[in-house]
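In what follows, a structure is listed as structure tokens, so that the remarks can point back to it.
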Amino acid sequence: MVFLLGGVAIQFLGKSLSSRVKGWLAFLSGAAAFAAILHFAPAILDGKHIEANLFPWQATSAFRLYFDGLSWVFALMATGIGSAILFYCIDYMQHETSTTRFYALMLTFIAGLVGLVSSQNLLMAYFCWEVIGLCSYFLVGFWYRQTAAVNGARKVLVMTHIPGYALLIAILLLFQSSGTFLWTDPAVAAAFHSGIFFLILIAAMAKSVMFPLNTWIPEAMNAPTPVSALLHSACYVKAGVYLVARVYSIIPWQPAWNTVLLVVGCLTMLMGALFALLQTDLKRMLAYSTISQLGYIMTAFGLGTPLGILAGLFYVFSHGLFKGTLFLCAGAIQHAAGTRDLRELGGLAKKMPGTAVIWLVATAAIIGVPLTNGFVAKWLLYDAALESGAWMVILIAWLVSSFTAFYMLKATIGVFFGEPSPALHLDKVEDASPRMLAGMGVLAAVSLLFGIVPQALVKWIANPAAAALNFPTQNRISFLGLQATSQGAPITAGALLAISALLIIALLFALRRPAQSSSPVFTGGDPLPDGNGLTPVDFSEFAESTFAPAGRWLNPDPAYFFIWKMVFNTARLARKGMEQLEKQPLLLSIGAAMLISALVLWL
């Protein structure tokens, strides 16, 4: 409600407020909502849930709230990360026009996710589901005078709205069998079956960019960067994750459901990483990275074990932190340099030291470097897969982690440590403002905090959510993500051995590295690239030539465009046919009579 009130206030007072004041009002609304969510902490940590009827004078009101541990996780992400993004927006959007529309939509967007995760009534949940989709459409098309933004907004709407009807059908089928829209009613669990699950999964796959319903998200990169950050980290893509996780609260899963989700998750993480390797646009690379990371999260939930659920919950929260940070850093880079093309960047670490440090922390987290929450999240996933005997999951996740390190290091070197592009005017580049750095820095700092003390996230956030999903809580995690139980001793020993080996190799390399020499390097006759080093272009060209066949097979867009063209041509032929019938009233009357007769006989 706080978000909605803030949005209404901005909408009515917009003409009399500056962009900066509107940004502060939006941030304060987000901070107040975050504080309200934190107010539920004592009850949630005690294993309780909170029920409320927004219209108590109506006993059958659809506006019924049910707030448990799972709602707590997603509401914290939406309000906490959303508030950091809104704080970043105060400076980032101060020179933009139409900020009234921007902030009102951003607040409604966040409110939509909070409403979705706290709705007890399934119809209300579907309403919030569509509110999120509509806000994303308007926000992706914020710069509606740009053709790319308009086309991206349309693609987002079509590819997420149409599969969303599967969720509506599932809800109506459940109501037909159970006679209620309250998902907490035991009658809903009794009416649940595989058909309902797969309908819900289709809707969730579209929202959470699961393969093959994932091709809309790169086109959404034409939105302002704070929109991309909110879309990818806290709100939009997490709605589908919530939907899949919530099914565990309703009914125990059948083995076939776990298998399907594991297959979808593994394909998604692999496809996203492969396409991220090919990108030279920083935000598009991060968009494909989001696809890959969502694959990790869904795979963890697909394992269906207590440790797998813990891994999924830890990962979904951690991803919101480091991916939000990366997108905000990308926005700061584009804001300062005027481009996000890796071929036109380089050497920005000296000009943007604050952004560079924050980027390095978030990059370490997404790669899975120790001391970050990303390391703990991936380690939990590997441990859960090992415990379940899912060796193929381990191999694919390890391969994708290698790809992730490759493309993130490519971007890091290309943006901050490579040779500056001749097209880049370094003398005009300045670091992000203190407020923008604060918005990014808070998320990066929390990523480090939960990497060093992950048991805090497990105890306060993940365990209450696991209990809401009818799974036992886990207390086996200690500092740095190391196992604290006898069962985890081999895992901990292996982790310490691997980390020690990496540190020793790095130390030996540093000690034995020869002094820098200005003498020419023999290359066998092949010229070195400009700057005597590899650039993002070299990496992307190598990846494109190597993975081009896989890229063609894993890109479903040609099939979607073919279906869209067939539908368009069919509609055009139908229109022409109707135009001809309108010119011949007798034939139109006969056709209408035949159609009515057929309907009467069928009914």
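Tabulated values for the structure
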{"item": "Qualifying positions in the stretch 456-467 - out of contact with any Gly (no Cβ under 9 Å at 6 or more places or on another chain) and either farther than 30 Å from Pro252 by Cβ or of a type outside the set (A, V, I, L, M) (or both)", "result": "Lys459, Trp460"}
{"item": "Segments classed as helices (runs of 4 or more DSSP H), wholly inside the stretch 120-230, with at least 2 members that are over 22 Å from the mean Cα position of the chain (by Cα), touching a residue at least 24 places away in the same chain (Cβ under 8 Å) and not assigned by the TED database to the domain that holds Leu326", "result": "122-140, 147-178, 186-191, 194-207"}
{"item": "Filter result (surrounded by 17 or more Cβ atoms within 10 Å (Cβ to Cβ) and touching a Gly at 6+ places or on another chain (Cβ under 7 Å)) within the stretch 419-430", "result": "Pro420, Ser421, Leu424"}
{"item": "Looking only at the stretch 369-388, and only at residues there that are among the hydroxyl-bearing types (Ser, Thr, Tyr) and in contact (Cβ under 8 Å) with a residue 60 or more places away in the chain, the one that is nearest to Gly481 (Cα to Cα)", "result": "Thr372"}
{"item": "Subset of the stretch 435-454 (residues that are in a helix (DSSP H, G or I), over 22 Å from Gln94 (Cα atoms) and open to solvent by less than 50 Å² (accessible area, probe 1.4 Å))", "result": "Ala444, Val446, Ser447, Phe450, Gly451, Pro454"}
{"item": "The stretch 329-343 - residue that is outside any helix (DSSP H, G or I) and not hydroxyl-bearing (Ser, Thr, Tyr) and, of those, surrounded by the most Cβ atoms within 10 Å (Cβ to Cβ)", "result": "Arg340"}
{"item": "Which listed residue, of Phe539, Phe522, is open to solvent by less than 100 Å² (accessible area, probe 1.4 Å), aromatic (Phe, Trp, Tyr) and at pLDDT below 75", "result": "Phe539"}
{"item": "In the stretch 280-328, residue most open to solvent (accessible area, probe 1.4 Å) [restricted to those that are closer than 20 Å to Thr339 by Cα and among the aromatic types (Phe, Trp, Tyr)]", "result": "Tyr288"}
{"item": "Qualifying positions in the stretch 421-439 - of a type outside the set (Asp, Glu) and at pLDDT below 75", "result": "Ser421, Pro422, Ala423, Leu424, His425, Leu426"}
{"item": "Qualifying residue in the stretch 401-417 (condition: under 27 Å from Ser71 (Cα atoms), open to solvent by less than 20 Å² (accessible area, probe 1.4 Å) and assigned to a helix (DSSP H, G or I))", "result": "no"}
{"item": "Meets criteria (more than 24 Å from Ala466 (Cα to Cα), at pLDDT 90 or above and either touching a Gly at 6+ places or on another chain (Cβ under 7 Å) or of a type in the set (Phe, Trp, Tyr) (or both)) for Tyr315", "result": "no"}
{"item": "Failed condition for Pro556, given (1) under 28 Å from Arg340 (Cα atoms); (2) surrounded by 11 or more Cβ atoms within 10 Å (Cβ to Cβ); (3) at pLDDT below 75; (4) not aliphatic (A, V, I, L, M)", "result": "(3)"}
{"item": "Check on Trp253, under 23 Å from Gly312 (Cα atoms), open to solvent by 10 Å² or more (accessible area, probe 1.4 Å) and touching a Gly at 6+ places or on another chain (Cβ under 8 Å)", "result": "yes"}
{"item": "Qualifying residue in the stretch 353-373 (condition: outside any helix (DSSP H, G or I), at pLDDT 90 or above and among the polar types (S, T, N, Q))", "result": "yes"}
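Yes/no per residue for (1) modelled with pLDDT of 90 or more; (2) closer than 22 Å to Pro306 by Cα; (3) touching a strand residue (DSSP E or B) at 6+ places or on another chain (Cβ under 7 Å):
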site	(1), (2), (3)
Tyr165	yes, no, no
Leu172	yes, no, no
Gly195	yes, no, no
Phe198	yes, no, no
Glu219	no, no, no
His232	no, no, no
Ile250	yes, yes, no
Val260	yes, yes, no
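The values are calculated or read from the model by the stated rules, or taken from the named source; none is laboratory data. What you are looking at is a predicted structure, and each value in this text was computed from that prediction instead of being measured. All Cβ positions, glycine included, derive from the backbone under ideal geometry; neighbour counts span all protein chains shown. With ligands, DNA and RNA removed, areas are computed over all heavy atoms of the protein, side chains included. Shrake-Rupley method; radii C 1.70, N 1.55, O 1.52, S 1.80 Å.
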